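Asker: Have a look at this one before I ask anything.
The values are calculated or read from the model by the stated rules, or taken from the named source; none is laboratory data. Remember, it's a predicted structure, so these values are computed and weren't measured experimentally. Don't worry about glycine lacking a Cβ; one is built from the backbone with ideal geometry, like all the others, and counts go over all protein chains shown.
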Amino acid sequence: MHSVTLNVLRDHVVHPPDHETARPISRQALHLAVMDRLRKMMTEGTLPPGAHLNERALCEQLGVSRTPLREALKMLAVERLIELLPNRGARVVTLSAADIADAFELLSGLEALAGELACERITQAEVDDIETLHCAMSACHANGNLSDYFDFNQRIHDRINAAARNPALTQMYQSVNQRLQALRFRSNLHAGKWEQAVDEHVAMLRALHARDGAALGRLLRGHLMAKCATVLAHRLAVA
């Protein structure tokens, strides 16, 4: 797992470092590996909203030919993460403020429902697994490692969703969540907001242990809407 280490001071803004992307991708399931790498680059801001995707540069950077790259771009377009422009290549999608608010509102409801159902259906082994991920995530926070923190964070949210045992809910959650990955990542770049998110995860884990679905649902909804508020406030500040 590639790590990005950030030196974090409480109540200071943390700027994302440059993302190292020189490692060649293995040839197994090549277009899927390219998709994963491009998603991570978009999430961590190496490919920001509105960025034009230069095929030649990306092929050199990722160590692949144009065929798997173009297959990956087509699939990312289906996920609405990029736009394919006739005779002009592709660019990363830019979400409007209304798009962001609508998507977070929907995702918060999906995660709240997943939390309620998970408390009814989760096994103790799954709770133990989530607690292990939480400990690893907390260690990344203590070390200022936002990249690995975010990976563990998303695995926790995915585990809660999977424990709901509702494939239709999971499918919708994955579709909406994918569009918000970069914004969720960047909502932690301010150390105070990152600290708040960690505290919220502690409360979520407590509710999960207690199998308190109503409490976990409220916490998840509030957690997502707090991120939405952070994202929109930052957008307004830099406008």
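Asker: Just to be sure, is residue 162 under 24 Å from residue 124 (Cα atoms), over 19 Å from the mean Cα position of the chain (by Cα) and not polar (S, T, N, Q)? Write out each step before concluding.
Answerer: Values: under 24 Å from residue 124 (Cα atoms): yes; over 19 Å from the mean Cα position of the chain (by Cα): no; not polar (S, T, N, Q): yes.
No; evaluated as a whole, the condition is false for this residue.
Asker: Given the structure, is residue 69 outside the structural domain of residue 201 (by TED's automatic domain parsing), at pLDDT 95 or above, surrounded by 14 or more Cβ atoms within 10 Å (Cβ to Cβ) and assigned to a loop (DSSP other than H, G, I, E, B)?
Answerer: Details: outside the structural domain of residue 201 (by TED's automatic domain parsing): yes; at pLDDT 95 or above: yes; surrounded by 14 or more Cβ atoms within 10 Å (Cβ to Cβ): yes; assigned to a loop (DSSP other than H, G, I, E, B): no.
In short, no.
Asker: Only one of (1) in contact (Cβ under 8 Å) with a residue 12 or more places away in the chain; (2) over 18 Å from residue 39 (Cβ atoms) fails for residue 152. Which number is that?
Answerer: That leaves (2) as the condition not met.
Asker: Just need a number here: residues in region 167-225 that are without any contact (Cβ under 8 Å) to a residue 12 or more places away in the chain and either touching a His at 6+ places or on another chain (Cβ under 6 Å) or basic (Lys, Arg) (or both).
Answerer: 1
Asker: Looking at the structure I just gave you, is residue 178 within 28 Å of residue 79 (Cα to Cα), touching an Asp or Glu at 6+ places or on another chain (Cβ under 6 Å) and either outside the structural domain of residue 102 (by TED's automatic domain parsing) or of a type outside the set (Val, Ile, Thr) (or both)?
Answerer: On the way: within 28 Å of residue 79 (Cα to Cα): yes; touching an Asp or Glu at 6+ places or on another chain (Cβ under 6 Å): yes; either outside the structural domain of residue 102 (by TED's automatic domain parsing) or of a type outside the set (Val, Ile, Thr) (or both): yes.
So residue 178 passes the test.
Asker: So if I check each of 39, 121, which one is in contact (Cβ under 8 Å) with a residue 24 or more places away in the chain and assigned by TED's automatic domain parsing to the domain that holds residue 167?
Answerer: Numbers: 39 fails: assigned by TED's automatic domain parsing to the domain that holds residue 167.
Within the list 39, 121, the selection yields 121.
Asker: Now, a different point. For residues that are of a type in the set (Lys, Arg) and modelled with pLDDT of 95 or more, tally how many sit in region 188-210. Quick ask: steps written out before the conclusion?
Answerer: In the first step, residues of region 188-210 are kept if they are of a type in the set (Lys, Arg); the result is 193, 206.
Applying the additional criterion that residues be modelled with pLDDT of 95 or more yields 206.
Qualifying residue count for the region: 1.
Asker: Got a number for residues in region 138-155 being of a type in the set (A, V, I, L, M) and surrounded by fewer than 22 Cβ atoms within 10 Å (Cβ to Cβ)?
Answerer: Residues in region 138-155 being of a type in the set (A, V, I, L, M) and surrounded by fewer than 22 Cβ atoms within 10 Å (Cβ to Cβ): 2 in total.
Asker: Looking at region 126-134, is at least one residue surrounded by fewer than 17 Cβ atoms within 10 Å (Cβ to Cβ) and outside the structural domain of residue 170 (by TED's automatic domain parsing)? I'd like the intermediate steps shown before the answer.
Answerer: Of region 126-134, the ones surrounded by fewer than 17 Cβ atoms within 10 Å (Cβ to Cβ) are 126, 128-129, 131-132.
Then keep just the ones that are outside the structural domain of residue 170 (by TED's automatic domain parsing); that gives none.
No, region 126-134 has no match at all.
Asker: When you go through 168, 142, 215 one by one, which is the residue that is at pLDDT 95 or above and touching a helix residue (DSSP H, G or I) at 6+ places or on another chain (Cβ under 8 Å)? It would help to see each step written out before you state the result.
Answerer: On the way: 168 fails: touching a helix residue (DSSP H, G or I) at 6+ places or on another chain (Cβ under 8 Å); 142 fails: touching a helix residue (DSSP H, G or I) at 6+ places or on another chain (Cβ under 8 Å).
It is 215.
Asker: Test of understanding: among 148, 128, 99, which residue is in a helix (DSSP H, G or I) and touching a His at 6+ places or on another chain (Cβ under 9 Å)?
Answerer: Numbers: 128 fails: touching a His at 6+ places or on another chain (Cβ under 9 Å); 99 fails: touching a His at 6+ places or on another chain (Cβ under 9 Å).
Criteria check complete, one pass: 148.
Asker: Kindly indicate whether any position in region 204-218 is closer than 30 Å to residue 47 by Cα and assigned to a helix (DSSP H, G or I).
Answerer: Just the residues of region 204-218 that are closer than 30 Å to residue 47 by Cα, to begin with: none.
No, region 204-218 has no match at all.
Asker: What number of residues within region 193-207 are surrounded by fewer than 19 Cβ atoms within 10 Å (Cβ to Cβ) and among the basic types (Lys, Arg)?
Answerer: Final tally of qualifying residues: 1.
Asker: A further question on this structure: Please go through region 77-96 and give me each residue that is assigned to a helix (DSSP H, G or I) and either small (Gly, Ala, Ser) or touching a helix residue (DSSP H, G or I) at 6+ places or on another chain (Cβ under 6 Å) (or both), ordered by number. Outline the logic, then answer.
Answerer: Within region 77-96, the first condition is being assigned to a helix (DSSP H, G or I), and the residues that meet it are 77-78.
The answer is 77, and nothing else.
Asker: Sticking with this structure for a sec: Before we move on, is residue 189 farther than 18 Å from residue 111 by Cβ, surrounded by 18 or more Cβ atoms within 10 Å (Cβ to Cβ) and touching a Leu at 6+ places or on another chain (Cβ under 8 Å)?
Answerer: Values: farther than 18 Å from residue 111 by Cβ: yes; surrounded by 18 or more Cβ atoms within 10 Å (Cβ to Cβ): yes; touching a Leu at 6+ places or on another chain (Cβ under 8 Å): yes.
Considered against the rule, which asks whether it is farther than 18 Å from residue 111 by Cβ, surrounded by 18 or more Cβ atoms within 10 Å (Cβ to Cβ) and touching a Leu at 6+ places or on another chain (Cβ under 8 Å), residue 189 comes out as yes.
Asker: If you don't mind, there's one more thing I want to ask. Please go through region 35-60 and give me each residue that is buried (at least 18 other Cβ atoms within 10 Å of the Cβ) and assigned to a helix (DSSP H, G or I), ordered by number. Please lay out each step first, then the result.
Answerer: Narrowing region 35-60 to residues buried (at least 18 other Cβ atoms within 10 Å of the Cβ): 35, 37-47, 53, 58.
Selection gives 35, 37, 38, 39, 40, 41, 42, 43, 58.
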